[in-house]
Amino acid sequence: MRSRVLIALGSAVLALSMTACGGEGAGGGGDTAGEDPADLSIGVSMPTQTSERWIADGTSVKEKLEAKGYQVDLQYAGDDIPTQSQQIDQMITQGADVLIVAAIDGTALSGQLQAAASANIPVISYDRLIRDSPNVDFYVSFDNYKVGVAQAEALLVGLGLRNADGSKGAANGPFNVELFAGSLDDNNAHFFFDGAMDTLEPFLDDGTLLVKSGQTDIEQVAILRWQQETAQRRMEDLLTSSYNDGSQVDGVLSPYDGLSRGIITALQNAGYGRSGADMAVVTGQDAEVASVKLINDGVQHSTVFKDTRLLAEQAVLAAEAFLEDTEPQANDTTTYENGVKVVPSYLLPVQTVYKEDIQTALIDSGYLTAEEVASGQAEG
Ligand code: BGC
């Protein structure tokens, strides 16, 4: 039943897009080489505007495509899966020539991708791999396993077990740590957690690191939709349930700055970092301005910087390649198996940012201004 509905939807979409383009190359994908960019349109579907990084991603992709003369339909889905599905359906019926999609739930878009394939529209999976579909044509992202490794290494550095150059640090432990992961429906959350756990495992195995809550499986520590409030609540619950005996949390593995801020609020409300008390070492990701200010103020320990401008550039190169009826250039053709096939990928490097790196990595590179870092607020 479901597949028949999908086939019907696919044909309807195809019929509509053919009408929209009058049988020419423009509209509905395929055979677009040599077209005037002004006649080509790219649908860009982003998950949410509650996180700065997705706003930066959307803006960069749109600006870079428009600078090349393409039409761009940029939509944000408010972290709501049906909204994202509808927005993509609409991009297809309106005759998009390429789709760039950062999925909310990586497994929820097979129907949309089938419709796109039926209409010959190439799909670029943006940062988060779309799973369980043969119709993902290319993937642009960062080295997500290394993000997790970087987060775990930063935690070890913060606790003094390692020096920043990887050598053994002055501290011996044992230390109490708690672990957080991202949303289970986001493929990246698993890569981050795997990279982190592979790095922390020897320290957990020999007792240098203790997880007092006992929660070490990704299912136990995941935060649905990467919500800051959910992370704050989980940290509050952990403090009440596992640290009500006078013991301290020394470090928290956090995979995203938004979660880190929730975790930090919970810790501060419990007295950490207040009146001379120590703050736990809290990691992060994305170099969000509010967190960079916290790092600058010595509250959050670190973040992992992923330059979304470079990611946008790769997405634009991939879109252009498809519009010229060629294949985008991949630098990884083995890692990202989506449940149906290995998706050719272009992966970018990542960089750990401690307080002393803010100037060179973020300000000198023009990613943030000194004023933004000082105020913790993004400029309009
Ligand atoms: C991205 C991270 C981001 C997270 C929450 C992940 O898919 O790779 O950069 O922190 O989603 O938005």
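Looking at 270, 266, which is the one that is of a type outside the set (Val, Ile, Thr) and open to solvent by less than 50 Å² (accessible area, probe 1.4 Å)?
Numbers: 270 fails: open to solvent by less than 50 Å² (accessible area, probe 1.4 Å).
From the options 270, 266, the qualifying one is 266.
Kindly indicate the residue of the range 275-328 that is charged (D, E, K, R) and more than 16 Å from the ligand (Cβ to nearest atom) and also nearest to residue 143 (Cα to Cα) among those meeting that condition.
Restricting attention to the range 275-328, the residues satisfying the condition of being charged (D, E, K, R) are 278, 286, 288, 293, 297, 306-307, 309, 313, 320, 324-325, 327.
Of the ones still in play, those that are also more than 16 Å from the ligand (Cβ to nearest atom) are 278, 293, 297, 313, 320, 324-325, 327.
Values: 278: 33, 293: 25, 297: 28, 313: 16, 320: 23, 324: 27, 325: 27, 327: 21 Å.
Among residues in the range 275-328 that are charged (D, E, K, R) and more than 16 Å from the ligand (Cβ to nearest atom), the one nearest to residue 143 (Cα to Cα) is 313.
Being in contact with a helix residue (DSSP H, G or I) (Cβ under 7 Å, 6 or more places away or on another chain), in a loop (DSSP other than H, G, I, E, B) and among the small types (Gly, Ala, Ser) is the filter here; which residues of the range 240-272 pass it?
254, 270
More than 15 Å from the ligand (Cβ to nearest atom) and in contact with a Leu (Cβ under 9 Å, 6 or more places away or on another chain) - does that describe any residue in the range 182-195? Before the answer, list the steps.
Taking the range 182-195 as the starting set, the residues that turn out to be more than 15 Å from the ligand (Cβ to nearest atom) are none.
Checked the range 182-195: no residue is more than 15 Å from the ligand (Cβ to nearest atom) and in contact with a Leu (Cβ under 9 Å, 6 or more places away or on another chain).
Here's a check for you: in the range 112-149, which residue that is open to solvent by 10 Å² or more (accessible area, probe 1.4 Å) and in a helix (DSSP H, G or I) is farthest from the ligand (Cβ to nearest atom)? Walk me through it before giving the result.
Start the filter on the range 112-149 by keeping residues that are open to solvent by 10 Å² or more (accessible area, probe 1.4 Å), which leaves 112, 114, 117-118, 120, 122, 128, 131-132, 134-135, 137, 143, 145-146, 149.
Then keep just the ones that are in a helix (DSSP H, G or I); that gives 112, 114, 117-118, 145-146, 149.
On the way: 112: 18, 114: 23, 117: 24, 118: 28, 145: 12, 146: 12, 149: 15 Å.
The extreme case among them is 118.
Out of the residues in the range 204-233 that are assigned to a helix (DSSP H, G or I) and open to solvent by less than 30 Å² (accessible area, probe 1.4 Å), state the one that is nearest to the ligand (Cβ to nearest atom).
From the range 204-233, those assigned to a helix (DSSP H, G or I) are 204-205, 218-221, 224-226, 228-233; that's our starting set.
Filter once more, keeping what is open to solvent by less than 30 Å² (accessible area, probe 1.4 Å): 218, 221, 231.
Values: 218: 14, 221: 15, 231: 11 Å.
Only one residue tops the list, namely 231.
Go through (1) open to solvent by 20 Å² or more (accessible area, probe 1.4 Å); (2) in a helix (DSSP H, G or I); (3) closer than 30 Å to residue 165 by Cα and name the single condition residue 361 misses.
Condition (1) is where residue 361 drops out.
Return only the number of the condition from (1) closer than 16 Å to residue 316 by Cβ; (2) away from the ligand (no atom under 11 Å from the Cβ) that residue 85 does not satisfy.
Evaluating residue 85 over (1) closer than 16 Å to residue 316 by Cβ; (2) away from the ligand (no atom under 11 Å from the Cβ) leaves (1) as the failure.
What residue, of 286, 237, 278, is more than 19 Å from the chain's Cα centre (by Cα) and either assigned to a loop (DSSP other than H, G, I, E, B) or touching a residue at least 60 places away in the same chain (Cβ under 8 Å) (or both)?
Numbers: 286 fails: more than 19 Å from the chain's Cα centre (by Cα); 237 fails: either assigned to a loop (DSSP other than H, G, I, E, B) or touching a residue at least 60 places away in the same chain (Cβ under 8 Å) (or both).
Going through 286, 237, 278 in turn, the sole match is 278.
What are the residues in the range 175-184 that are open to solvent by 30 Å² or more (accessible area, probe 1.4 Å) and either under 29 Å from residue 78 (Cβ atoms) or at pLDDT below 95 (or both), if any?
184
Which of (1) assigned by TED's automatic domain parsing to the domain that holds residue 173; (2) closer than 22 Å to residue 79 by Cβ does residue 204 not meet, given it meets every other one?
In the conditions (1) assigned by TED's automatic domain parsing to the domain that holds residue 173; (2) closer than 22 Å to residue 79 by Cβ, residue 204 misses (2) alone.
Here are the criteria: (1) in a helix (DSSP H, G or I); (2) without any contact (Cβ under 8 Å) to a residue 12 or more places away in the chain. Tell me which single one residue 313 does not satisfy.
(2)
Results for (1) among the acidic types (Asp, Glu); (2) at pLDDT 95 or above; (3) surrounded by fewer than 20 Cβ atoms within 10 Å (Cβ to Cβ), shown as yes or no for each residue.
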{"site": "5", "(1), (2), (3)": "no, no, yes"}
{"site": "13", "(1), (2), (3)": "no, no, no"}
{"site": "20", "(1), (2), (3)": "no, no, yes"}
{"site": "25", "(1), (2), (3)": "no, no, yes"}
{"site": "31", "(1), (2), (3)": "yes, no, yes"}
{"site": "34", "(1), (2), (3)": "no, no, yes"}
{"site": "37", "(1), (2), (3)": "no, no, yes"}
{"site": "54", "(1), (2), (3)": "no, yes, no"}
{"site": "61", "(1), (2), (3)": "no, yes, no"}
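The values are calculated or read from the model by the stated rules, or taken from the named source; none is laboratory data. Just so it is clear, the structure is predicted and the values come from calculations on it, not from any experiment. Quick reminder, even Gly has a Cβ in these numbers, built from the backbone with ideal geometry, and neighbours come from all protein chains shown. Just the protein is used for accessible areas: all its heavy atoms, side chains included, with ligands, DNA and RNA removed. Shrake-Rupley method; radii C 1.70, N 1.55, O 1.52, S 1.80 Å.
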